[in-house]
1. Of all alpha-carbon pairs in the stretch 49-190, indicate the percentage at a distance above 20 angstrom.
2. Can you run the Rg to Rh ratio on the stretch 273-392? Use alpha carbon positions and the Kirkwood inverse-distance Rh.
3. For the stretch 225-335, take N as its residue count and report Rg(C-alpha) divided by 2.2 N^0.38 Å.
4. Pull out a ≥ b ≥ c, the square roots of the eigenvalues of the alpha-carbon gyration tensor of the stretch 140-217, then state rounded if a/c is under 1.5, prolate if not and a/b is larger than b/c, and oblate in the remaining case.
5. Per the 1.4 Å probe, what fraction of the accessible area of the stretch 132-268, in percent, lies on carbon and sulfur atoms?
6. Where in the stretch 142-156 does the amide nitrogen come within less than 20 Å of the point 7 Å from the Cα of Y67, taken along Cα to Cβ?
7. Find which of T397, C17, L301 sits farthest along the positive direction of the dipole of the chain, computed with +1 on the beta-carbon of Lys and Arg, -1 on that of Asp and Glu, about the Cα centre.
8. Can you pull out the GluC sites (Glu not before Pro) in the stretch 143-229 whose DSSP state is coil and whose Cβ has at most 16 other Cβ atoms within 10 Å?
Amino acid sequence: MTTTAWIPALPLLAFLCNGLFGSFYPRRWSHRIATAAVLAALALSIGTVIGLVSHSGHGPFLYGDLYTWIAAGTFRVGVGIQVDPLTAMMLVVVTGISSAVHVYSTGYMEGDPGYRRFFTYLSLFTFSMLLLVLANNFLLLYVGWELVGVCSYYLIGFWYEKRSAADAGKKAFVVNRVGDFGFGLGIFLIWVTFGSLDYHTVFAQAHTIVGQHIALLGMEVPTLTLICLLLFVGAMGKSAQFPLHVWLPDAMEGPTPVSALIHAATMVTAGVYMVARCSTLFDLAPVAADVVAVVGGFTALFAASIGLVQNDIKRVLAYSTVSQLGYMFLAAGLGAYGAAAFHLMTHAFFKGLLFLCSGAVIHSVEHGFHAAGVHADPQDMRNMGGLRAQMPATYRTFVVGALAIAGIPPLAGFCSKDLILERAFAHGNALGTLLWGVGVAAALMTAFYMFRLIFMTFHGEGRYPAEAESKIHESPVSMTRPLVVLALFSCVAGIVGWPELLGGPSLVHMGEGILAFLAPAFGHGHAAHAHELSEAVAWGLMGLSVAVGVAGIAIAYALYVGRPERAVALGRAFPQVHRVLLNKYFVDELYDVIFVNAIKTLARLLHRGFDVFVIDGIVNGTAIIIRDIGAGLRPLQTGRVNNYATVMLTGFVVIAVVASATWL
């Protein structure tokens, strides 16, 4: 346990070192300390996985408290660690992506005045996520959960001098507070119900409260269902599921390495991890599980449709992240927790790759525009085109990431996406079949918008002034090397979950693959009762999945390479649809009307009515009364000794008269 405790401790020490003493040594030492710490944590995490794999994923598991944190009556919470296959996988994903982001950032953030501050925040962010996944109780999970939210506020609003960045940071923070309020209520209800926040105790006793109800708004609600729904509200905020998805696209205002870290392996996957960790509870609350699946499926399709027409390269990837997270919740809600966790892992590699590639493009285009004196948005794909000649390494790795997320074999995304669609189809009821159809439609859209991005950015003629062309070039090695590493993992990571039809688990050395490796972390779940598919049906589903991905790429090629005018004509043929998608279904505007503007109006009324008249009235009124009393007494202070003597004598006489009258 001591060795495992060093995994989060190393980034924490790097944060403290750079935060407290960073100004006393050269600025480049800040990234060296932070990067060395996260690489060491990665090595320890890999050692943890190797240890579990050597025991076929069945132990030895770590579980225990390092020390008692809170002890008050019957309430006791410790700072403890749990390491099982799910934790081990998350440790490697978090430290692996974080390592790539740290190395990449040395080139991307070079010359930024907030260089030290940036790496300090990265270390704290990494520590927070590691604390979250290692926690062995709900309160410690909540601490990591909130620290991740605070760090995202710091990093999204890192360039706080820009109004848009500061607003994006506040938006992320406020929206997540909505979700975290529900999450906190869920944890309170867990304590009230079970008398403990310890994972083992809660999960072991969960079956004993099946059938127990709680009064809510005059209705009797199953206690477990309410607990799970409240926990899922937190997951909706942290993992940007509809309707709490609105913060994540605006998070693009932060530096691109932050986008990669948030959208690939850390903050946004916390909700998926939490649902998978609480699989025992969700299996016993089928209504809550169905809600998770439906929200995930809807979000996958909803966000993918928005990504079809976005022009900001990072926003396309942001809506892609929202959509892919929907896939994960779809699988988790249907009880396929292993498939959800597998897609979480593969998504971390190819989405981290895609964001870092987009950062390389933005970094180079922005430099070219600035050097040439061109004033244009370096993130708008309409200002790009033909970049594959200037940026060949970025182009090749970008294509690998796009193929992976499109589900093209043999890349990692094919294995995990196909597994989710297969489990949805095999679920055995109408909901599973409906969500399978939703997943297929979202997969078609994903392949289309990803290769729309590729073709608009790297193919065709450059849509920027000629004087900027010579200034746009490939990124430095510090930025391209992490791209190559992530591209490699995007190719090979799927082998641990290779489909059985294509050779299956025999290709790996994890028993029966990653699902068997992860199985000890989950209960049997209602996914265990899914129908077995015939080989012919399984082949048909896999073929359809691949065909959908190829079709999406072909449509994008036809519209943006073959005859680009078709894309313009299509938008003009359906102007209202294009407008709705481009404006993200006007959800932000609706929230402004219903919530933001209403709260602002209420705040103004409270300011003018209560703050000014009541609060200020009491404070200012007290001052006015004391002032007037002072003004009335001021004439008594004449400075003349004879006046003071007269007053004293008068007072003495009055006292004497009153005393004499009393005696008589």
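The values are calculated or read from the model by the stated rules, or taken from the named source; none is laboratory data. These numbers were taken from a predicted model, which means no experiment stands behind them. Backbone-built Cβ (ideal geometry, glycine too); neighbour counts: all protein chains shown. Areas reflect the complete protein model, heavy atoms only, side chains present, ligands, DNA and RNA absent. Shrake-Rupley method; radii C 1.70, N 1.55, O 1.52, S 1.80 Å.
1. 59 percent
2. Here Rg/Rh amounts to 1.15.
3. Taking N as the residue count of the stretch 225-335, the ratio is 1.04.
4. It comes out prolate by the Cα gyration axes.
5. Carbon and sulfur together cover 69 percent of it.
6. 142-144
7. Projecting each Cα onto the dipole axis, the largest value belongs to C17.
8. Taking the stretch 143-229 and a limit of 16 other Cβ atoms within 10 Å, the loop GluC sites (Glu not before Pro) found are E161.
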